[in-house]
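Single-structure report; data block below.
The values are calculated or read from the model by the stated rules, or taken from the named source; none is laboratory data. Everything numeric in this text was worked out from a predicted model, so none of it was measured. Cβ: placed from backbone, ideal geometry, glycine included. Neighbour counts: every protein chain shown.
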Amino acid sequence: FGKPARVVKWWEDATERQRLLALASRGTPRYVYHLQTVRERARALNAVGAIDRRFFAIKANSHPWILRTLEAEGFGLECVSIGEIEHVFATLPGLDPSRVLFTPSFAPRREYDGAFERGVNVTLDNVEALRNWPETFRGRDLWLRIDLGRGDGHHAKVVTGGAASKFGLPIAAVDDFVAAARTVGVRITGIHAHLGSGIGHPKHWREVYAELAGVADGIGTVDSIDIGGGLTIPYKPDDQPFDLALWAEGLAEIKAAWPRYRLAIEPGRFMVAECGVLLTHVTQVVGKQGVRRVGLDAGMNALMRPAMYDAFHAVRNLTRFDDADDAAFDIVGPICESSDVLGIDRLLPVGTAEGDVVLVSDAGAYGFVMANTYNLRDLPQEDVLE
Ligand code: LLP
């Protein structure tokens with residue numbers, strides 16, 4: 001037995017590293033997405049028999065080649081804004097709108113109108129919108145987003161359920177919503193929940209399905225049950241891959257108990273996090289009062305997750321890949337904020353120096369899409385690799 005095997009990432013391969021070094025020489029910070037990895041994740045989920053519909057949450061990564069790749073693997077697309085909806089149809093002309101799901105939060109009325117005009121599936125999670133905008137919803141099919149009274153996820157800032165969360169309709173308010181829907185002539189055809197992001201315990205989704213199926217049974221017109229996204233990925237060197245086999249087993253059991261609903265999921269991170277790396281150059285290496293810092297040309301403007309969620313992203317020196325990682329550094333960026341720290345006490349080769357290419361791992365989800373131009377720094381570049 002002993003230690004479980006370490007997850008090997010695609011970029012550890014020598015040929016891929018040469019390709020990455022060549023891309024880095026065109027300028028950094030630079031996101032690079034490995035499409036074959038996206039395909040592998042898609043095929044792993046496609047092999048889960050209990051699932052009928054898969055929507056990729058494009059907020060995680062809306063690069064056109066990511067969308068084309070997932071669409072070609074049979075995925076639909078989950079959007080949270082009219083901008084994302086327009087982007088999807090511009091990228092994939094002729095896409096069947098039934099493969100798009102709109103899951104907005106506190107969006108303006110015109111975005112619901114726009115979504116209905118496009119013919120996509122629309123989710124709603126409050127009765128106020130139904131009552132205030134009857135003309136928008138009259139005669140429509142709707143998916144209802146439920147708050148199951150609890151949240152989950154890798155950080156408090158990504159929890160999307162429970163009393164403190166702005167998302168979802170509490171179960172206790174479902175009867176009221178159903179009555180209001182009847183008044184407006186709305187048919188509830190889907191039930192939806194997404195409790196948070198970065199969830200590692202595979203039983204979560206079967207529990208969500210069971211609770212939602214109970215709600216759906218009470219409503220009577222429901223055809224689809226969407227149990228959200230949230231599947232995690234191995235970010236830390238000792239993290240094990242998400243247990244898809246156990247996950248699939250749980251879903252198969254629960255689907256057998258409630259076979260009449262079409263089971264939908266909407267993962268973002270799981271599909272794309274591991275396909276993406278952020279390439280950077282070392283700007284300066286500085287020792288100060290016992291702490292050695294490696295500065296990168298990518299800061300919290302390029303990758304916000306460490307500053308915002310204390311998220312862990314592994315770093316490797318690509319220029320000195322074969323040297324031992326034998327010295328501890330704090331990894332920082334060029335932004336004028338104390339939170340501009342990518343990692344504390346990270347091991348890199350002791351010879352790490354200005355101009356080296358440093359790779360930031362697992363940056364394909366919520367990386368470029370959250371980047372900004374703070375301090376008037378340019379947005380990162382993006383490339384795809386076949
Ligand atoms: N469905 C809904 C309704 C969502 O709100 C989200 C993510 C997803 C699906 C996809 O979740 P995923 O499978 O990617 O966990 N920026 C944060 C994550 C925010 C997630 C927002 N909603 C991060 O970098 O960790």
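What's the number of the only condition in (1) within 14 Å of Ile331 (Cα to Cα); (2) more than 12 Å from the ligand (Cβ to nearest atom); (3) of a type outside the set (Phe, Trp, Tyr); (4) surrounded by fewer than 22 Cβ atoms within 10 Å (Cβ to Cβ) that Ala311 fails to meet?
In the conditions (1) within 14 Å of Ile331 (Cα to Cα); (2) more than 12 Å from the ligand (Cβ to nearest atom); (3) of a type outside the set (Phe, Trp, Tyr); (4) surrounded by fewer than 22 Cβ atoms within 10 Å (Cβ to Cβ), Ala311 misses (2) alone.
Quick check on my filter: what residues within the stretch 93-110 are within 22 Å of Asp52 (Cβ to Cβ) and either assigned to a loop (DSSP other than H, G, I, E, B) or not basic (Lys, Arg) (or both)?
Correct list: Leu95, Asp96, Pro97, Ser98, Val100, Leu101, Phe102, Thr103.
Given the criteria more than 25 Å from Val100 (Cα to Cα) and in the same structural domain as Arg43 (by TED's automatic domain parsing), does Tyr235 qualify?
yes
Output the residues belonging to the stretch 49-95 that are within 19 Å of Leu244 (Cα to Cα) and either outside the structural domain of Gly250 (by TED's automatic domain parsing) or in contact with a Pro (Cβ under 9 Å, 6 or more places away or on another chain) (or both).
Matches in the stretch 49-95: Arg54, Phe55, Phe56, Ala57.
Take Ala90 and tell me if it is surrounded by fewer than 18 Cβ atoms within 10 Å (Cβ to Cβ) and either in a loop (DSSP other than H, G, I, E, B) or not hydroxyl-bearing (Ser, Thr, Tyr) (or both).
So Ala90 fits the description; yes.
Just one of (1) touching an Asp or Glu at 6+ places or on another chain (Cβ under 8 Å); (2) polar (S, T, N, Q); (3) farther than 30 Å from Ile335 by Cα trips up Ser62, so point out which.
Every condition holds for Ser62 apart from (3).
Among the residues of the stretch 131-187, which ones are in a loop (DSSP other than H, G, I, E, B), within 16 Å of the ligand (Cβ to nearest atom) and in contact with a Leu (Cβ under 8 Å, 6 or more places away or on another chain)?
Once the filter is applied, which keeps residues that are in a loop (DSSP other than H, G, I, E, B), within 16 Å of the ligand (Cβ to nearest atom) and in contact with a Leu (Cβ under 8 Å, 6 or more places away or on another chain), the stretch 131-187 yields Leu148, Arg150, Gly151, Asp152, Gly153, Thr160, Gly161, Gly168.
Quick check: anything in the stretch 58-74 surrounded by fewer than 23 Cβ atoms within 10 Å (Cβ to Cβ), within 13 Å of the ligand (Cβ to nearest atom) and among the β-branched types (Val, Ile, Thr)?
No, because not a single residue in the stretch 58-74 is surrounded by fewer than 23 Cβ atoms within 10 Å (Cβ to Cβ), within 13 Å of the ligand (Cβ to nearest atom) and among the β-branched types (Val, Ile, Thr).
Go through the stretch 13-35 and give me each residue that's outside any loop (DSSP other than H, G, I, E, B) and surrounded by fewer than 14 Cβ atoms within 10 Å (Cβ to Cβ).
Ala14, Thr15, Gln18, Ala22
Could you tell me whether any residue of the stretch 293-302 is farther than 24 Å from Asp383 by Cα and either within 20 Å of the chain's Cα centre (by Cα) or of a type outside the set (Lys, Arg) (or both)?
yes
What is the residue count in the stretch 60-87 for residues that are charged (D, E, K, R) and more than 25 Å from Arg206 (Cβ to Cβ)?
Within the stretch 60-87, residues that are charged (D, E, K, R) and more than 25 Å from Arg206 (Cβ to Cβ) number 4.
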